Amino acid sequence: MNIIQLWIEKHLKYIFTLPSVLFVLIMIVFPVGYTAYLSFFDWSMSSVSPPKWVFLDNFKKIFFDDPRFWPAFFRTFYFTILAVVTQTVLGVAIALLFFRNFKGSNLVKTLFLLPMVSTPVAIGLVWLLIFEPSIGFANQFLGYFGIDPQLWIASPKQALPAIAMVDTWQWTPMITLITLAGLSQLPNENYEAAAVDGANAWQIFWKITLPLMAPTIFAAVLLRSIDAVKHFDLIYAMTQGGPGYATETLNIYGFANGFQYFKLGYTSAILMVFFMIVLIMSCLILIFRKKTEVTL
Amino acid sequence: MRKIRGLSFLLVLGLFIGLLAACSSNAPASEEPSSDSNDNKNKNVELRIIAANHPWTEAIEPLIPQFEQESGIKVKLEKYFEDQLTQKLTTEFTAGSDSIDVFMIRPLQEGKLFNLNGWVADLTSYTGDSDWNLSDFTESSVNSLKDGEKIFGIPTVTEREILYYRKDIFEENNIEPPKTLDELYEIAKQLNDPSNDFYGMVSRGQRAAAVTQFSSYLYGFGGDFIVDGKAAIDTPEAIKAFEFYGNLLKDAGPPGVLNMSWPQAAGLFAQGKAAMYTDADSIYPNLLDPEKSVVGEKVGFAVFPQGPEGQTPYNVTSWGVAMNAKSENKDAGWEFIKWATSKEIVAELQKKSVPGPRQSVWDSPEGTEAFPEELVQVISESNKIGKEYDRPLVIKVNEARDMIGTAIVTGIEGGDVEAAAKEANKQFQQLLDDEN
């Protein structure tokens, strides 16, 4: 056995993990670190002056003197909660429906998954036409039921819910998919026992299916929430944050600062705040999950 | 066991080599065959030209093979949407790219920024060519791409805000096109018929996009973006203008106007759903083209109406061509710019309805034959009274437009315009302070 081989054998655990460690360092740690570093500078591409160290000034401005940050912050969570709650309720309900193997259920399942595989920007453009206030299909559809035409994404009040609706259309299938996978792994014994005890369908759902499914649904909600908080493509394709600033979420606001105003330092600071928010959110969720697991 | 270890060692090694190879993809590219002919040093040069999706590009693209044949220079044309164009250019220039040679530039939108950052080449020394004749360009168009005496771009497209109206509807109702803004409002209200999906007026309502088209209204009420170096969008004149523009679109505009930039607004007008439309004159082909429009011959043109404080539509150079300061093919690049802005080509483009900057072309019959006669008159009238900018002349134009656009949106929504204008002005003043 030569010496290289011996060395490799001894350090096998480092060598095998090295590629992934490198990946994490280059693709995650460096960008996050550099963004954090930049957030202490005033650096604008629209001037020839080099980055200027301003320490916490960017953050001070974000929290106390930026008329667009807080509205964008609340919009982000309004959108997330609206979209994810709707998707979860619908997704789980649909999964329960699909779980009963009716005739043609496989076909329906396949069709149902289609929105998920389409490109968000393309979807955004299609829904843009559907929502068009005077000739769009959405208003025509409402017209069949005698409901007055709505402004949809052209109205500052309806725009965000309308986009959440499109997001729901696209991502409900994902919750369904995950829930279906979970359902197929549920143990039969509990159901048999319930049948023996004479529980009705309603009781079985609330007392057995839902508690057993909770971790799965929770995972689905977590995945969707992360996606929804950082949502960008649909909003950008459909309204670019308009009308006015009515659909400007944190990501859109960050994008505007970075790629339209070219204020790189300030954008980094916004994104750091955003990063912290998501971090805190994840921690809370994890703690919450531990607690629910105990009670199960 | 040993065999497996040997194998895994090889695998890891393979991974590393792959990684290394991926990282060093900047391997020396095959050498370009160097030109050996002395008579034409531009032979074998390939120019990378970055253009916008704009009628100018569409009109000049089929002519480029002609240029390639005459000069021996190859042209690689890339086209982007306006916003993406700015991002593309900014990113590449910031990274110090020398691969872009010639690009389209919006003098009012990014001219100041690009010049300040030293991204545009100084073209002054090239412009002495008397055949090409710089003095043929209208003065205001050249000025918009000048920094002191330095010329950093050549104008290609000029624009004025005008009023489009539906001749047939006006005749039916026996009314004349409005001469003043008050008349404009009255007529818009009169013709507005939402129950039949027909609206009296359409114009841009999208936050930032609306600012340029709002500018002529602002000037008409005696306002301006900046007065004596101070932000001036909360002056009584400006507030009146915000209120007027807002009421006009609120009372007689289509639903969804807040999401309209020019493609949506022009589309609505072209579909015969609006009686009047104010926007840039360069948009008119979209309204006449039978493939895009059902109103074609029914479109009338009028000079932008007079406001209480005068009749001042904008008259701007919306596009020009410039050269990358780091380009290694400057001579070839200039050959292209010279060709693209030559009298012959400008005349050729103007035949395809792209309004150019050359006075001699406007004066010649062939330069105006593509334009409806009425429009030619409106253009030459507007040329005399126009203002040479349609947005605040600052470096951070995008940011400023968003600020001002907020007040416009508030007006259309019917909100508290004065408060919105005051707030926008505060931010705008801050932006001006930061820049100086």
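The values are calculated or read from the model by the stated rules, or taken from the named source; none is laboratory data. All values derive from a computational prediction rather than experimental measurement. Every residue, glycine as well, gets a Cβ built from its backbone with ideal geometry; the counts of neighbours run over all protein chains shown. In case anyone asks, the SASA skips ligands and DNA or RNA and just uses the protein heavy atoms, side chains included. Shrake-Rupley method; radii C 1.70, N 1.55, O 1.52, S 1.80 Å.
Here is how the numbers come out for the structure above:
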quantity: Over 40 Å [Cα-Cα, the protein assembly as shown], rounded percent; calculated: 46
quantity: Near-label residues of the stretch B:114-128 by backbone N, under 20 Å of a point 7 Å along Cα→Cβ of B:Glu328; calculated: B:119-122
quantity: Sequence-separation-based contact order of the stretch A:67-292, relative, with Cα cut under 8 Å and 6+ spacing, percent; calculated: 30
quantity: Hz values of 3J(HN,Hα) by residue in the stretch B:114-125 - Karplus curve (6.51, -1.76, 1.60), Gly and Pro given as x; calculated: 5, 5, 4, 7, x, 8, 9, 6, 6, 9, 3, 5
quantity: Farthest toward positive dipole pole in chain A [+1 Lys/Arg, -1 Asp/Glu at C-beta], among A:Leu18, A:Ala194, A:Ala162; calculated: A:Leu18
quantity: B:Leu47 long-range amide H proximity, modeled H, under 5 Å; calculated: B:Lys74, B:Val75, B:Lys76
quantity: GNM result for chain A, Cα springs below 10 Å: residue of A:Ile208, A:Ile130, A:Ile26 fluctuating most strongly; calculated: A:Ile26
quantity: Calculated P(r) tail over 18 Å for the stretch A:91-199, as whole % of Cα pairs; calculated: 63
quantity: Sites B:Leu134 and A:Cys283, calculated FRET efficiency, Cβ-Cβ separation with R0 60 Å, nearest 0.05; calculated: 0.40
quantity: Mean shadow area of chain B over all directions, Cα convex hull, nm²; calculated: 29.3
quantity: Drop in accessible area of at least 20 Å² in the complex versus isolated chain, residues of the stretch B:368-401, 1.4 Å probe; calculated: B:Lys396, B:Asn398, B:Glu399
quantity: Simple spin-label estimate for B:Lys79 and A:Ala93 in nanometres, 7 Å along Cα-Cβ; calculated: 4.7
quantity: For B:Val202, residues with placed amide H under 5 Å, excluding near neighbours; calculated: B:Met276, B:Tyr277, B:Thr278
quantity: Efficiency of FRET from Cβ geometry, B:Glu149 and B:Glu369, R₀ 51 Å, rounded to 0.05; calculated: 0.90
quantity: Ranking by accessible area, most exposed first, for B:Asp402, B:Asp363, B:Asp129, A:Asp65 with a 1.4 Å probe; calculated: B:Asp363, A:Asp65, B:Asp129, B:Asp402
quantity: Convex hull volume of the stretch A:117-162 per residue (C-alpha atoms, cubic angstrom); calculated: 85
quantity: The stretch A:134-210 versus the stretch A:1-28: alpha-carbon centroid distance in Å; calculated: 47
quantity: Distance violations [Cα-Cα > 24 Å] among A:Lys230/A:Lys291; B:Lys352/B:Lys387; A:Lys207/A:Lys290; B:Lys88/B:Lys384; B:Lys76/B:Lys150; A:Lys157/A:Lys230; calculated: A:Lys230/A:Lys291; B:Lys352/B:Lys387; B:Lys88/B:Lys384; B:Lys76/B:Lys150
quantity: Kirkwood Rh in Å, taken over all unlike Cα pairs in the stretch B:312-436; calculated: 18.1
quantity: Total accessible area lost when B and A pair, probe 1.4 Å, Å² to nearest 100; calculated: 3000
quantity: Tail beyond 30 Å, pair distance distribution of chain A (Cα, percent); calculated: 51
quantity: For chain B: relative contact order, % (alpha-carbon pairs under 8 angstrom, 6 or more apart); calculated: 23
quantity: Accessible surface of the protein assembly as shown [probe 1.4 Å, protein heavy atoms]: carbon and sulfur percent; calculated: 60
quantity: Pairwise Cα inverse-distance average, inverted: Kirkwood Rh of the stretch B:123-267 (Å); calculated: 18.0
quantity: Cα long-axis angle, helix B:236-252 against chain B (0 to 90 degrees, to the nearest 10); calculated: 80
quantity: Shielded residues, the stretch A:111-154 - accessible-area loss of 40 Å² or more between chain alone and all protein chains, probe 1.4 Å; calculated: A:Ser134, A:Ala154
quantity: Span from the the stretch A:52-105 Cα centroid across to the the stretch B:373-425 one, whole angstrom; calculated: 34
quantity: Using a Förster distance of 60 Å, the FRET efficiency for A:Trp7-A:Thr110 (Cβ separation, nearest 0.05); calculated: 0.70
quantity: Mean projection area, nm², convex hull over Cα of the stretch B:41-147; calculated: 7.7
quantity: Added length on full extension, which subtracts the Cα-Cα distance from 0.36 nm per residue, B:Glu58 to B:Asp182; calculated: 40.8 nm
quantity: Environment charge of B:Leu248, counting only residues whose C-beta is closer than 15 Å and scoring Lys/Arg +1, Asp/Glu -1; calculated: -4
quantity: The stretch A:67-292 - accessible surface per residue (Å², probe 1.4 Å); calculated: 50
quantity: Interface residues in the stretch B:245-287 - accessible area drops by 20 Å² or more relative to the isolated chain, probe 1.4 Å; calculated: B:Pro255, B:Gly256, B:Leu258, B:Asn259, B:Lys273
quantity: Volume of the Cα convex hull of the stretch A:178-296, divided per residue and given in Å³; calculated: 137
